[in-house]
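Step one of this worksheet: look at the structure below.
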Amino acid sequence: MSSQVYFVSARARYGNNLHDKFGRLITAAGMGDVVAERDLVAIKTHWGESGNLAFIPPQLTATLVKGIVSAGGKPFITDTNTLYAGSRRN
């Protein structure tokens with residue numbers, strides 16, 4: 001069984017910015033099919049470390065929160081600790 005894969009180009013232009021694209025991606029991926037009314041929905045993120053670029057920017061996290069709310073969910077943002085010696089270890 002194959003999985004559905006979605007791709008959104010990071011290129012943006014007037015009238016088709018990343019927020020709009022991400023919002024359409026959330027809808028196309030079926031957010032409303034997996035989030036029920038009053039579901040608590042965790043958004044796992046981390047606040048980054050010096051030089052790290054591998055995280056969802058807060059502006060796109062806001063778009064995700066809006067998508068969850070519009071599907072009837074109750075989002076909250078959470079983080080995790082690390083298991084290595086780094087600036088997030090505590």
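The values are calculated or read from the model by the stated rules, or taken from the named source; none is laboratory data. What you are looking at is a predicted structure, and each value in this text was computed from that prediction instead of being measured. Every residue, glycine as well, gets a Cβ built from its backbone with ideal geometry; the counts of neighbours run over all protein chains shown. Each accessible area value is taken on the protein alone, full model and side chains, heavy atoms only, with ligands, DNA and RNA left out. Shrake-Rupley method; radii C 1.70, N 1.55, O 1.52, S 1.80 Å.
For region 1-78, what is the accessible area per residue in Å² when the probe is 1.4 Å?
With the other protein chains kept in place, region 1-78 gives 76 Å² per residue.
How many nm is it between the label spots at residue 6 and residue 56, if each spot is 7 Å from the Cα in line with the beta carbon?
Computed distance between label sites residue 6 and residue 56 equals 1.0 nm.
Give the range of the longest stretch in the chain that excludes all trypsin sites (Lys or Arg not before Pro) found in loop regions by DSSP and having at most 15 other beta-carbon atoms within 10 Å.
39-87
Binned at 5 Å from 0, what are the whole-percent values of the Cα-Cα distance distribution for region 4-46, short to long?
5, 17, 21, 21, 20, 11, 5, 0
Once region 29-75 is represented by equal point scatterers at the alpha-carbon sites, with solvent omitted, what log10 I(q)/I(0) does the Debye formula produce at q = 0.13, 0.22 Å⁻¹?
-0.34, -0.76
Just report the Cα centroid separation between region 48-81 and region 4-21, whole Å.
Using only Cα atoms to place each centre, the spacing works out to 17 Å.
Taking N as the number of residues in the chain, what value does Rg over Cα atoms divided by 2.2 N^0.38 Å take? All intermediate terms of the calculation are to be shown ahead of the outcome.
Details: Rg = 15.4 Å, N = 90, 2.2 N^0.38 = 12.2 Å.
For the chain, the normalised Cα radius of gyration is 1.26.
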